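Working notes for the structure below.
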Amino acid sequence: MTPPVTSPATAPQILARCRGLIRPALCRAVRQLHPWHGEITAFSLGWDGVDGGDVPGAQGKGVRQALAVLGAEAVGAKAGSAVAGAVAVELIHTFSLLHDDIMDGDETRRRRATAWKAYGTGPAVLAGDALFAQAVQTLADAPGGTCVPAVRLLAATLTDLVRGQADDLLFESRPWTGPDAVRPHEYRLMAEHKTGALLGCAAGLGALLGGAGRTEADALTAAGRHLGVAFQAADDVLGIWGDPAVTGKPVHSDLRRGKKTYPVLAALASGGPSATELGALLRGGLLDDAAVGRAAGLVDAAGGRAAATAEARRHLESARACLESVPLAPQALEDMLTLLPYVVERTG
């Protein structure tokens, strides 16, 4: 009898499967925190209490968890071997968001108040610190003999993460134009550290905890880092031209904040009349509604949106090439290749 033909899993189905696998362990990790920190963490994760259900629209997609699970499956291991890595990465991601929102002054995330607005700055900082510690402990307690290289990868990732955040903050004080202006290649390196490192860590941890050799683990880590840069470039496009009904942010939000993002930096570096006018407009300080609309048009006219989209596509192809450079389990590879464009080619 011929076996039935099954349709390939869609990206949302892949993400849902991986979230379902990791959620019980993630709940256990959150319950191990101080009750106050656990409450703040549950709020940040979009949960209704540490054991409650999800608040509609308040959760992330679980991309990092999925990369960890698929990283293990890709090297022929069972998905369960990646649980500790997936939990650790999710805790670190939540820690980084708690601190980022404070540093950036963001008052909303996923259509509700950020933790520092809901609980105060001090409690949010402490909750982030607790998550950092819990992530390291979770990975150190992973069964088997793979925890040492896994903790080393997490430590290197944390170094990259805080380096990227430092550069992002320092960019704010640099001029828009002139010899000290931020260049696109500097921004690309910042994005690899701040965003790519953790995505790479997720896939690499899954592989390491699944017993992979260094070649496979390095290839998966590199793929995740490229995916992170692609994600950041796409996110920068949404930060200017995204639909507020989908992104939950005002139109042109990054321009209103004077945030240095890839489309703007690429536009300024392009030369030409639109770039010159854009530089003069940005040097004038905060933009009113009319000026911010004009700035968005100039970024587009100077090729900033096209450059950011091309950047995302280049890194997406580089991520694909990394995955295809080593022998991986066919089903996990197919799932990863399904997930890559979904993460980047989103609308919110």
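Read-outs throughout are calculated quantities, based only on the coordinates presented, and are distinct from any laboratory measurement. Note that the structure is predicted; figures quoted are calculated from it, not measured. Methodologically, a virtual Cβ is constructed for each residue, glycine included, from the backbone with ideal geometry; neighbour enumeration extends over all protein chains shown.
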TODO: Name the long-range amide H neighbours of Trp47: under 5 Å, sequence gap of 5 or more, or other chain; modelled H, no Pro or chain starts.
DONE: Val55
Open item on the list: With 10 angstrom as the radius, rank Leu199, Leu205 by how many other C-beta atoms surround their C-beta, starting from the fewest.
Closed with: Leu199, Leu205
TODO: Step through the residues of segment 54-66 one at a time and calculate ³J(HN,Hα) from phi using the Karplus curve (6.51 cos²θ - 1.76 cosθ + 1.60, θ = phi - 60°), rounding each to whole Hz and writing x for Gly and Pro.
DONE: 6, 7, x, x, 9, 9, x, 7, x, 4, 5, 4, 5
Open item on the list: So if each residue of separation counts as 0.36 nm, and I subtract the Cα-Cα distance between Asp300 and Arg346, what length gain in nm does that give?
Closed with: 14.6 nm
- [ ] Work out, step by step, the length gained on full extension between Gln32 and Glu334: first 0.36 nm times the residue separation, then minus their alpha carbon distance; give nm to one decimal.
- [x] 105.2 nm
- [ ] Using θ = phi - 60° and the Karplus relation 6.51 cos²θ - 1.76 cosθ + 1.60, list the HN-Hα couplings for segment 127-133 in order, rounded to whole Hz, with x at every Gly or Pro.
- [x] 4, x, 4, 5, 5, 4, 5
TODO: Positive end of the charge dipole of the chain (Lys, Arg +1 and Asp, Glu -1 on Cβ, about the Cα centre): tell me which of Val151, Pro250, Gly228 has its Cα farthest that way.
DONE: Val151
Open item on the list: Using the Kirkwood formula on the Cα atoms of segment 1-123, what hydrodynamic radius do you get, in angstrom to one decimal?
Closed with: 15.7 Å
Open item on the list: How big is the dipole moment of segment 193-348 about its Cα centre under a simple scheme where the beta carbon of each Lys and Arg is +1, that of each Asp and Glu is -1, and everything else is neutral? Debye, nearest 20, please.
Closed with: 460 debye
- [ ] Counting only C-alpha contacts under 8 Å and six or more residues apart, can you give the relative contact order of segment 212-343 as a whole percent?
- [x] 36 percent
Open item on the list: Students often get this wrong, so try it: which of (i) 146; (ii) 131; (iii) 168 is volume of the Cα convex hull per residue in Å³ as calculated from the structure shown?
Closed with: (i)
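At a 10 Å Cβ-Cβ cut-off, how would you order Leu268, Leu209, fewest neighbours first?
Lowest count first: Leu268, Leu209.
For Ala291 and Ala16, compute 0.36 nm times the residue count separating them, minus their Cα-Cα distance, and round to one decimal in nm.
Full extension from Ala291 to Ala16 adds 94.8 nm.
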Task: Charge dipole of the chain about the Cα centre (unit charges at C-beta), most positive-ward option of Gly303, Ala29, Cys201 - done: Ala29
Open item on the list: Below 16 Å, Cα to Cα, which aspartates and glutamates can Lys117 reach? Residues fewer than 8 away in the same chain don't count.
Closed with: Glu39, Asp100, Asp101, Asp104, Asp106, Glu107
Task: Computed over the chain: relative contact order in percent, which uses C-alpha pairs under 8 Å that are six or more apart - done: 19 percent
Task: Residue-by-residue Karplus 3J(HN,Hα) for segment 168-182, coefficients 6.51, -1.76, 1.60, Hz, glycine and proline x - done: 4, 5, 5, 4, 4, 8, 8, x, 6, 9, x, x, 9, 5, 6
Task: In nm, spacing of pseudo-spin labels at Leu169 and Ala181 (7 Å Cα→C-beta vector) - done: 2.6 nm
Task: Thr159 paired with Leu189, simple spin-label distance in nm, labels 7 Å along Cα-to-beta-carbon - done: 1.6 nm
TODO: Quickly estimate the mean residue ellipticity at 222 nm for the chain, helices only: each DSSP H run with n ≥ 4 gives -39500 (n - 2.57), and the total goes over all residues, rounded to 500.
DONE: -22500 deg cm²/dmol
Task: Packing-based exposure ordering (other Cβ within 10 Å, fewest first) of Tyr119, Tyr187, Tyr262, Tyr342 - done: Tyr342, Tyr119, Tyr187, Tyr262
